[in-house]
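Structure first, then comments.
The values are calculated or read from the model by the stated rules, or taken from the named source; none is laboratory data. The shown structure was predicted, so the numbers you read here are calculated from the model rather than taken from an experiment. With ideal geometry, Cβ positions are generated from the backbone for all residues, glycine too; neighbour counts draw on all protein chains shown. Calculation scope for accessible area: heavy atoms of the full protein, side chains included, ligands and nucleic acids excluded. Shrake-Rupley method; radii C 1.70, N 1.55, O 1.52, S 1.80 Å.
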There are 2 protein chains.
Amino acid sequence: MKYALSLVLLLHFSFSNAQENLVKYVKPIIGTEKMGHTYPGATVPFGAVQLSPETDTISYELNGKYNGEVYKYCAGYKYEDKTIVGFSHTHLNGTGHSDLGDFLVMPTQGKLQLNPGTASNPKGGYRYAFSHSNEIAEAGYYKVKLDDDNIIAEMTATTRVGMHQYTFPKSDESHIILDLMAGIYNYDEKNVWTYVRVVNDTLITGYRQTNGWARARTVYFAMSFSKPFVNYGQENYDGKQPYRGFWRKFDQTKNFPEIAGKKIRMYFDFKTAEAEKIKIQFALSSVSQGNALENMQAEIKGWDFEKVKTEAQKSWNKELNKIKIDAPEDVKVNFYTAMYHTFINPTVYTDVNGQYKGLDQESYVAKGFVNYSTFSLWDTYRALHPFFNIIQPKRNNDMVKSMMAHYNQSALHMLPIWSHYSNDNWCMSGYHSVSVIADAILKGVYDGDPNEALNACVTTAKHRDYEGIGSYMDLGFIPAEKSGISVSNTLEYAYDDWCIAQLAKKLNKQDIYDEFIKRSDNWKNNYNSATGFMQPKLANGNFKDKFDSMSTEGQGFIEGNSWNYSFFVPHNPTELIAKMGGKKAFASRLDTLFTMHLPDSFFAHTEDITREGIIGGYVHGNEPAHHVAYFYNWTDQPWKTQAQVRKILKMQYKPTPDGLGGNDDCGQMSAWYIFSSLGFYPVAPGSNEYAIGSPLVNNAVLTLENGKTFTVEVINQKDANVYVQKILLNGKTLPTFFINHSDITAGSKLTFYMGSKPKK
Amino acid sequence: MKYALSLVLLLHFSFSNAQENLVKYVKPIIGTEKMGHTYPGATVPFGAVQLSPETDTISYELNGKYNGEVYKYCAGYKYEDKTIVGFSHTHLNGTGHSDLGDFLVMPTQGKLQLNPGTASNPKGGYRYAFSHSNEIAEAGYYKVKLDDDNIIAEMTATTRVGMHQYTFPKSDESHIILDLMAGIYNYDEKNVWTYVRVVNDTLITGYRQTNGWARARTVYFAMSFSKPFVNYGQENYDGKQPYRGFWRKFDQTKNFPEIAGKKIRMYFDFKTAEAEKIKIQFALSSVSQGNALENMQAEIKGWDFEKVKTEAQKSWNKELNKIKIDAPEDVKVNFYTAMYHTFINPTVYTDVNGQYKGLDQESYVAKGFVNYSTFSLWDTYRALHPFFNIIQPKRNNDMVKSMMAHYNQSALHMLPIWSHYSNDNWCMSGYHSVSVIADAILKGVYDGDPNEALNACVTTAKHRDYEGIGSYMDLGFIPAEKSGISVSNTLEYAYDDWCIAQLAKKLNKQDIYDEFIKRSDNWKNNYNSATGFMQPKLANGNFKDKFDSMSTEGQGFIEGNSWNYSFFVPHNPTELIAKMGGKKAFASRLDTLFTMHLPDSFFAHTEDITREGIIGGYVHGNEPAHHVAYFYNWTDQPWKTQAQVRKILKMQYKPTPDGLGGNDDCGQMSAWYIFSSLGFYPVAPGSNEYAIGSPLVNNAVLTLENGKTFTVEVINQKDANVYVQKILLNGKTLPTFFINHSDITAGSKLTFYMGSKPKK
């Protein structure tokens, strides 16, 4: 009997261990240098807490002027830097705009210094120098030695709790700083209000309200110490405070447990023995201090840091094992780091009890789903959400539900543009929620009411007051006089409208289909047959003069010039090709895009891109042309897709800190990598079709949530063999360069035969 | 059958109507001129909403300096003023410090002006001139005509909802202004954050966060209009806002439904027919917008303003009928207006669903009680809460529970000093919660756990870091070097400690009794036998030099000089008398107090008092000597109590706008009036004893919650007959000048026989 039980346990154990240790391939440091804007710290898949070092917290303003450097610190950490100013609990992954950085914690020793110091003089504040040789960044774990006090800082996380472990040298003057005014993208009025309650000598709770990218963002917290602090205190940097009134009765600077103000830094004093570890659990909530505490108590029992770290890495392994690949080591590193980056955003926004703060700043209970925040939809509708429809359909279902909740809570009656901590920050063009929703419904992933979802899409798309939609509806384009990004918006609306039309067709809403399929043709209104380019048009119907196909600035585009954006008709390449002179001319034009030389002036006025993020004139570091390499499939020269995709995979993704050629953009860059290295890509989400490229892996097995597996097998895989010679789907020759979503979900095998020469 | 039913209804109706219409005696305008600091607007008993006009909202600072005028506007309205700037929803009754004034609403016509204008140029803004001849102020109802646009403004209220009714002349340009940055006691940094959501064309919700007297006060609201607005908009006065980011996509000034910022004024446009009424329901909550809406829907159905007004006045009548008096008209006006003022504060702080925001800024459900806020305890422990123990015991029980909840939510582990909208504003000296708690328990009013309450009292009284308590415990007094109000604090702590001792005795906690009865003697440490005065003492044990018995400033007192404060031993007059040279010398000293001349310099440095608030050197307009007129009862000359009490009743309370000689102080001045006009007063709450004075009424019947009645009958009542000749309690001669609380609750009859000469 005992033996039988042992056997069962053993079998179970073996089965669990069938999961490979894929965490070892994840290098969170990739993308932390130059343009990637990733962070190296600890988080779990879709975790609400991202506990990561800040190498600086610079201000939006420098000497009263806008500081362009501020966007370097989107993720708080720059690999190039030599000092760490602290470890904060919220970070965006790969965005081009800065925000977050809540609750900066820093261990120090010796004389208490509450100011952060500077990179050039870290010893003038609580900052420390560090070196990469003393740094470890893994999925769910980060470690660094702080020079010269030799404090070892380690961190890990659960979904809603960050765990710190600081190993101190012996000292009567060990401190832990909690800087409640630090933040990424800081400026004078950023901190709206902060409240802290010292419950006892190991627990504090409170909240911090900031504005910024979100107008009204409140994060509640509970912070628990493994050892009682001896003293604590605060400095308030609010300046003159006539309102303090009778609060002057207290010395609020020391051991005073009810702290409030706009700009507060706290400290906690300890006496430490040699190598003594002080640990911190730091839980977040969008709803209340009580919920933060409940999150903490639910997710971490006791003070076993190693156990929490092991669990964090186990949760990463579980997600990473959904795709097992055979590939060279550097591809594996790129691939699993890309998977890691795709599974960071959106982030869980419900507490363990199901509550979250809605867009209307009221508390809700998410019934039957997990509410998510951090939707960078302009980026992620392209490949990240389509990737989720394959590998994370349950989560994507919940993400669509979160978008619908956002819509229902919106006084504007709009789906999210960029959903951000109970706010919409309205970043970028289009209304790409509708793409994500249509794609999820058309692929059978959404189990909510599809008609309600369609209604939300239509209402959003008819919001005349928003970003030129009124003109767009009346004229079929947005006059250049009315918007600096009139062309981007028109092109993206047209694609989004096509998504709505597809959804309407599926739901047999012929009138909506007719209306939106017509709108989806609006790209034609910005197409100038005389030049062959998408161009800004004036209200009088004439194209704006002084057109420059190379420039972004003042040309009606955002994050892309006309050379890139003129290809932005993902939903109707056939007509675009016809307009552009037919397949041959079109392919030749694509050739030019990938080989042309971009002048330096291009970079001066284009956000978030450097020469490293481009190939010829093709800008991979920004998103608008992410589908373009696949357009050769619509010409008679699909092998050029294969060549270009393989080139992008190799040039734009490297297993080094500076390995990303552009912002990871909440996983969109990484999702492109995963699709493309598997050999296919969703050119137009909202369609169930994937265009074939050139796989990078030798073999890949995708384990789907429906229990089936989809296998990609690559015969004759070599660096030189970028060209597809033959493709079999379940053993049968694939007649086109396209597969369908149902081919994947049915559990198929796609076999590529590669060669060094184009198969013409 | 039909006839029988009618009869039953008729009988029921008659029974209900047995209640007298006492509302007609209530003149909310009393105290609005000069020092009373009352407001004339609409509220219901203990209502969470106080909807009342502001005649100005002046700033704490004027030209960068402290503006002494700010305290004129504690209640927002000064009878002396000629203009009204708007109607806001929260007001303090009779305080000496300014705060509140949330959500200022104003109807206007013609050209939209979003600035408030000035008193000298009301037409330069949304302000209007008005005259008292066009003004009606009743319990639960306020009406005024706004010159020159002839808009009639009327308001009434339920517990949590203010109802406005504006009668407009015909115009295509009628507006309702909602000023979300206005406030009483305003200054630059007062507004922390404001959020407004326009749900539809008749409903908006939101919240406003301010600091000030409370450090972190958030009031949520829901505002409903009886008629859809045609347009709406806002101006934001925050100044430079780098954080606005992509919100620039919207024209937020007009018809934009998601509004946020620090300083916001909104407007709503209407077209009105001649004499068209636009009504508003404005509900408040401390917890959420949803709760505010729920409060609105629960308390007001439909748009019948008259019905809401009738209900409001019915609720006042119900409370006022608890004491029926026979007295001359002007006494009735004073008496019922005093009752009205005693039933305004504290205010209900739970929503209809039982939720409220606790001191720790977290949401709670008040289980089995109503949570109250606005506890001006330094004032109200003296007579207001003792009055509640007689006439509102159920509410006072809930108030003690509210104080215990405050204690349990306090990170400082302290009972409230001045409980104020989920904050403590820490105003004034002492820790008088303990008096209210002890009095309620000793009088059998509190049904919570008395031992838990005693523990809270003891913990509060041993909070060494608070206001010199540490020194007080170590030395028996507070060194003058350590505090500007060292003597006030020591004297008041000593009295409070006596209350704790009485409670400990009742609960058989001998050790606590011993400790605190000893502490209750600490008043002796500030008594200088050489001068016969309470004086500030230095740490070395010497009295501070330059003592001035007439001055308050720099003498260790607050709101009182040594002449008044030297009598502050309410719990031990016997020993005080002995110290001061025996009964005769003591009485003679009281004579001097009531006849001496206070120099002008006294007023220069004493808060909240003018010559009208004094009799000789006795300051009735402030509280510290409120018990002193009754001290003659401990000498052999009780008739002097009778004479002085009658004099104070006549001189300090008049049925005119300037009728209150000092701040009403959340009802304490009024409670003094009620007790004294009934013929007795609680000299030392915590004792069950009341000292006899000289009744002003002819007759009074108090209907108690236990179903019994307590009757005061006065024989030979005349203005000249101020002296008590004989007192019968239930027909038997009262042997002393004291009655007991149990005499009242048992349902007794107290008969005074009055005469024009002292009965020696």
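Structure data summary
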{"item": "Test for A:Tyr565: is it open to solvent by 10 Å² or more (accessible area, probe 1.4 Å), modelled with pLDDT of 95 or more and of a type in the set (Phe, Trp, Tyr)", "result": "no"}
{"item": "Selection from the stretch A:108-140 of residues that are touching a Leu at 6+ places or on another chain (Cβ under 8 Å), over 26 Å from A:Ile30 (Cα atoms) and part of a strand (DSSP E or B)", "result": "none"}
{"item": "Complete set of residues in the stretch A:692-737 that are acidic (Asp, Glu) and under 10 Å from A:Phe752 (Cα atoms)", "result": "A:Glu713"}
{"item": "Checking A:Gly183 against (1) more than 27 Å from A:Trp303 (Cα to Cα); (2) surrounded by fewer than 24 Cβ atoms within 10 Å (Cβ to Cβ), the condition it does not meet", "result": "(2)"}
{"item": "Residue among B:Lys72, B:Lys143 that alone is of a type in the set (D, E, K, R), open to solvent by 20 Å² or more (accessible area, probe 1.4 Å) and either more than 28 Å from B:Asn425 (Cβ to Cβ) or part of a loop (DSSP other than H, G, I, E, B) (or both)", "result": "B:Lys143"}
{"item": "Breaking point among (1) open to solvent by less than 10 Å² (accessible area, probe 1.4 Å); (2) modelled with pLDDT of 95 or more; (3) closer than 22 Å to B:Met414 by Cα, for A:Tyr232", "result": "(1)"}
{"item": "Residue check, B:Asn688 more than 24 Å from B:Lys72 (Cα to Cα) and in contact with a strand residue (DSSP E or B) (Cβ under 7 Å, 6 or more places away or on another chain)", "result": "yes"}
{"item": "The stretch A:528-562: number of residues that are crowded, with 24+ Cβ neighbours inside 10 Å, of a type outside the set (D, E, K, R) and in a strand (DSSP E or B)", "result": "1"}
{"item": "The stretch A:138-154: number of residues that are out of contact with any helix residue (DSSP H, G or I) (no Cβ under 9 Å at 6 or more places or on another chain) and under 19 Å from A:Pro657 (Cβ atoms)", "result": "1"}
{"item": "Filter result for B:Asp326 (modelled with pLDDT of 95 or more, more than 14 Å from chain A (Cβ to nearest Cβ) and buried (at least 24 other Cβ atoms within 10 Å of the Cβ))", "result": "no"}
{"item": "Some residue of the stretch B:657-673 being farther than 30 Å from B:Glu492 by Cα, open to solvent by 10 Å² or more (accessible area, probe 1.4 Å) and either basic (Lys, Arg) or outside any strand (DSSP E or B) (or both)", "result": "yes"}
{"item": "Filtered residue count, the stretch B:690-708, keeping only those that are open to solvent by 60 Å² or more (accessible area, probe 1.4 Å) and part of a strand (DSSP E or B)", "result": "1"}
{"item": "Sole exception among (1) at pLDDT 95 or above; (2) in contact with a helix residue (DSSP H, G or I) (Cβ under 9 Å, 6 or more places away or on another chain) for A:Ala260, by number", "result": "(1)"}
{"item": "Any hit, the stretch B:230-238, residues being touching a residue at least 60 places away in the same chain (Cβ under 8 Å) and assigned by TED's automatic domain parsing to the domain that holds B:Ile152", "result": "yes"}
{"item": "Residues being open to solvent by 10 Å² or more (accessible area, probe 1.4 Å) and more than 13 Å from chain A (Cβ to nearest Cβ) - total across the stretch B:79-107", "result": "4"}
{"item": "Every residue from the stretch B:627-656 that is in a loop (DSSP other than H, G, I, E, B) and either basic (Lys, Arg) or within 23 Å of B:Asp743 (Cα to Cα) (or both)", "result": "B:His627, B:Lys654"}
{"item": "Criterion: at pLDDT below 95 and not acidic (Asp, Glu) - qualifying residue of A:Ala214, A:Ala222", "result": "A:Ala214"}
{"item": "Pairs, first over 11 Å from A:Thr552 (Cβ atoms) and modelled with pLDDT of 75 or more in the stretch A:596-618, second among the hydroxyl-bearing types (Ser, Thr, Tyr) and surrounded by fewer than 17 Cβ atoms within 10 Å (Cβ to Cβ), C-beta under 7 Å, six or more apart", "result": "A:Gly616/A:Thr595"}
{"item": "Long-range neighbours under 9 Å by Cβ, at least six apart or interchain, first residue in contact (Cβ under 8 Å) with a residue 60 or more places away in the chain within the stretch A:315-343, second of a type in the set (Gly, Ala, Ser) and surrounded by fewer than 22 Cβ atoms within 10 Å (Cβ to Cβ)", "result": "A:Asn321/A:Ala18; A:Asn334/A:Ala327; A:Phe335/A:Ala327"}
{"item": "Extreme residue, surrounded by the most Cβ atoms within 10 Å (Cβ to Cβ), among residues of the stretch B:287-299 that are away from every other protein chain (no Cβ under 14 Å) and touching a residue at least 24 places away in the same chain (Cβ under 8 Å)", "result": "B:Asn295"}
{"item": "Considering residues of the stretch B:372-405 that are in a helix (DSSP H, G or I) and of a type in the set (Lys, Arg) only, the residue nearest to A:Val198 (Cα to Cα)", "result": "B:Lys401"}
{"item": "Enumerated strands (runs of 3 or more DSSP E) restricted to the stretch A:193-273, each holding at least 2 residues that are touching a Lys or Arg at 6+ places or on another chain (Cβ under 7 Å) and either of a type in the set (A, V, I, L, M, F, W, C) or more than 10 Å from chain B (Cβ to nearest Cβ) (or both)", "result": "A:231-236, A:264-272"}
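One line per residue, one yes/no per condition, for (1) under 14 Å from A:Ser376 (Cα atoms); (2) not β-branched (Val, Ile, Thr):
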| site | (1), (2) |
| --- | --- |
| A:Ile417 | yes, no |
| A:Asp424 | yes, yes |
| A:Ser429 | yes, yes |
| A:Ser433 | yes, yes |
| A:Val436 | yes, no |
| A:Asp447 | no, yes |
| A:Ala453 | no, yes |
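Yes/no matrix, rows are residues, columns are (1) open to solvent by 10 Å² or more (accessible area, probe 1.4 Å); (2) touching a Leu at 6+ places or on another chain (Cβ under 6 Å); (3) not polar (S, T, N, Q):
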| position | (1), (2), (3) |
| --- | --- |
| A:Glu713 | yes, no, yes |
| A:Leu728 | yes, no, yes |
| A:Ser742 | yes, no, no |
| A:Met754 | no, no, yes |
